Amino acid sequence: MGDQEVRDLSTQAPTIGRVMPLAGAATREGQPPRRPEVALDAAASDGVRAAGASLAGVRHLSEGTCRQDSFGIFVVQPGRICVVVVDGLGSRVASHLGADLFVDAVGQLTWENQGLAAPADLLVAASERTEQVAASVYGLSASDIAFVGLVAVIGPDQGEVARLGDVSAFALAGDEFTEVFEPDDKFINVVEMSLPNAEAAHKIEVKPLPPGPMVFATDGLAQDLRTSAAVRAWLADYWRSPLTAFAMGDSLRYRRQGSHDDRTGVVVWPST
Amino acid sequence: MSESSEAFAIFPVFLVVDVSASMAGGPIEAVNQALPALKAEMQSNPLVGEIARVALVTFSDEARVQIPLADLAYTTLPEVLVEGGTNFAAAFRGLRQAIDQGMASLPKGTPVYRPVAFFMSDGEHTAREDWSSALAEVKDERWKWRPEIVSFGFGEANRDAIRKVATRYAFMAKDHDPVVQVREIMNALIGSIRTTSVSFRDPSQQDGLRLEVPAEHFTPLPRLET
């Protein structure tokens, strides 16, 4: 049987640099249970709005392997939103499962404590719970499911973010993206620490969040924001006001030379 | 974050190839046949072609940067010729020079993978000068661009020297025919460039380096501390 024509939605998303044509995606057999190549969500509470999207990277689409990023948006109290963004490590066979379990664990913990826990405490507790579930339910080790992650809690009066690894946070003001954490200048294919990790509590970075719209992103998106004026211009314009889940997904559909990793971003627009 | 430039991610690869007299005939022909295959990989595989940039350094009594760090898809390939003796010190001086010049040629702010150097030799150092200090310069942890060095020996290569050259991974080709050995090494280089270009971030395994070195063609050599 021949290939059937595949239709896609139109988009205004730009193509940046010399981008070669891609072969059609094929799902490779013999892989662990896969998950959707796209995840979209949006939430609102007391004037605060958030939208998130996670798109499988060109590499995964080309190889027929699955997206390893994950994210969650949880309204934990009126006007208080918890965001979690996770990047599963590329070579681990079940890092996508670890990423999803971690998001679930953060959501469950925010539900259990009514959103009163600090992001760093949520990150540590969720990491421990993720490791337990992975071992008891799936028989997987911390190494099998390794990931890096970020948890942020944004309320009407203040916000705070905690991370382990290179998941990033940016303040968005007009056309400017300003990093909350100091970006490192390490090689982009080298990661020094991941979750779950018994030393996590001592390695977490915590920062207060400035007022205004915030962007939380895995490395695949954050690198483009750092190194591409065209991506910054496109996304600053697209994210100038709150979006639906579908629109958030469309914003990440740009093609860029060398940008092959999963892209995951959550934008939070505070109450005006 | 207000720069106006585009800085695309780069995976810098440096091929360091022995062209001493013992490479005459089939082995050097195999090298010259493999370079177009590598170029074709860059042109046909977007995941490789968009990221990998390759330099070629040959060495004999002296080293020559035959191809500075470049997009091979748009590079005219040289014909590599056999020369004279074997000087590892010259090879490492040439490698360091090629890396410094290549990385300096990238636009400011370019995100880069850790550079990888693939070293291949069929003999052992025959020059009078000691080569340890030149190797130490390339492995110096204070050097920003210190590469991962993967070494391949074949033919009459000295196993201990091949082990010493590598930062972590050293291999001896198994086949008895040097032409087949060179061909297998070049295939391993192309495969490793391909898999590393499409892989991301593995803190415990190989610092992002993903090798494609089939066990049926290569014997891994135990790591030798320098």
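See the values below:
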| read-out | value |
| --- | --- |
| Residue in region B:38-46 that is hydroxyl-bearing (Ser, Thr, Tyr), more than 14 Å from the chain's Cα centre (by Cα) and within 14 Å of chain A (Cβ to nearest Cβ) present | yes |
| Candidate set from region A:226-239 (those that are in contact with an Asp or Glu (Cβ under 9 Å, 6 or more places away or on another chain) and closer than 24 Å to A:Thr272 by Cβ); member that is surrounded by the fewest Cβ atoms within 10 Å (Cβ to Cβ) | A:Asp237 |
| Residue match in region B:4-22 (condition: away from every other protein chain (no Cβ under 14 Å) and surrounded by fewer than 19 Cβ atoms within 10 Å (Cβ to Cβ)) | yes |
| Conditions (1) surrounded by fewer than 17 Cβ atoms within 10 Å (Cβ to Cβ); (2) outside any helix (DSSP H, G or I): number failed by A:Ala201 | (2) |
| Given (1) within 30 Å of B:Gln43 (Cβ to Cβ); (2) of a type in the set (S, T, N, Q); (3) out of contact with any strand residue (DSSP E or B) (no Cβ under 6 Å at 6 or more places or on another chain), index of the condition A:Asn197 fails | (1) |
| Strands (runs of 3 or more DSSP E) wholly inside region A:79-198 containing at least 3 residues that are surrounded by 22 or more Cβ atoms within 10 Å (Cβ to Cβ) | A:80-88, A:147-154, A:159-164, A:168-173 |
| Among the residues listed as B:Arg53, B:Arg64, B:Arg96, the single one being closer than 25 Å to A:Ser228 by Cβ, under 14 Å from the mean Cα position of the chain (by Cα) and of a type outside the set (A, V, I, L, M, F, W, C) | B:Arg53 |
| Residue check, B:Ala98 surrounded by 22 or more Cβ atoms within 10 Å (Cβ to Cβ) and either closer than 21 Å to B:Asn32 by Cβ or among the aromatic types (Phe, Trp, Tyr) (or both) | yes |
| Residue, modelled with the highest pLDDT, within region A:10-43, restricted to residues that are among the charged types (D, E, K, R) and part of a loop (DSSP other than H, G, I, E, B) | A:Glu37 |
| Region B:128-187: number of residues that are touching a Gly at 6+ places or on another chain (Cβ under 9 Å) and part of a loop (DSSP other than H, G, I, E, B) | 6 |
| Given (1) under 22 Å from A:Gly258 (Cβ atoms); (2) among the hydroxyl-bearing types (Ser, Thr, Tyr); (3) without any contact (Cβ under 8 Å) to a residue 12 or more places away in the chain, number of the condition B:Thr75 does not satisfy | (3) |
| Residue match in region B:122-140 (condition: crowded, with 16+ Cβ neighbours inside 10 Å, in contact (Cβ under 8 Å) with a residue 40 or more places away in the chain and touching a Lys or Arg at 6+ places or on another chain (Cβ under 6 Å)) | yes |
| Residue count for region B:130-154, restricted to those that are at pLDDT below 95 and among the β-branched types (Val, Ile, Thr) | 2 |
| Any hit, region A:262-271, residues being assigned to a loop (DSSP other than H, G, I, E, B) and within 10 Å of chain B (Cβ to nearest Cβ) | yes |
| Positions within region A:225-261 being touching a strand residue (DSSP E or B) at 6+ places or on another chain (Cβ under 6 Å) and either more than 13 Å from every other protein chain (Cβ to nearest Cβ) or of a type in the set (Asp, Glu) (or both), in sequence order | A:Trp239, A:Pro242, A:Leu243, A:Thr244, A:Ala245, A:Met248, A:Gly249, A:Leu252 |
| Looking only at region A:49-77, and only at residues there that are touching a strand residue (DSSP E or B) at 6+ places or on another chain (Cβ under 6 Å) and free of Cβ contacts under 8 Å to residues at least 60 places away in the same chain, the one that is nearest to the other protein chains (Cβ to nearest Cβ) | A:Gly72 |
| Selected residue [within 14 Å of chain A (Cβ to nearest Cβ) and touching a residue at least 12 places away in the same chain (Cβ under 8 Å)] from B:Glu83, B:Glu50 | B:Glu50 |
| Cβ-Cβ under 7 Å pairs, at least 6 apart or on other chains, region B:53-65 side of a type in the set (Ser, Thr, Tyr), far side in a strand (DSSP E or B) | B:Thr58/B:Val17; B:Thr58/B:Arg64; B:Thr58/B:Gln66 |
| Selection within region A:78-89 - in contact (Cβ under 8 Å) with a residue 60 or more places away in the chain and more than 12 Å from the chain's Cα centre (by Cα) | A:Gly79, A:Arg80, A:Ile81, A:Cys82, A:Leu89 |
| Positions within region A:68-103 being closer than 16 Å to A:Glu131 by Cα and out of contact with any helix residue (DSSP H, G or I) (no Cβ under 8 Å at 6 or more places or on another chain), in sequence order | A:Val93, A:Ser95, A:His96, A:Ala99, A:Asp100, A:Val103 |
| In region B:27-65, the residues that are in contact with a strand residue (DSSP E or B) (Cβ under 8 Å, 6 or more places away or on another chain) and within 20 Å of B:Phe154 (Cβ to Cβ) | B:Val31, B:Leu35, B:Leu38, B:Leu56, B:Val57, B:Thr58, B:Phe59, B:Ser60, B:Ala63 |
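The values are calculated or read from the model by the stated rules, or taken from the named source; none is laboratory data. Everything quoted here is computed from the prediction, not taken from an experiment. Note that we place each Cβ from the backbone using ideal geometry, even for glycine, and neighbour counts take in every protein chain shown.
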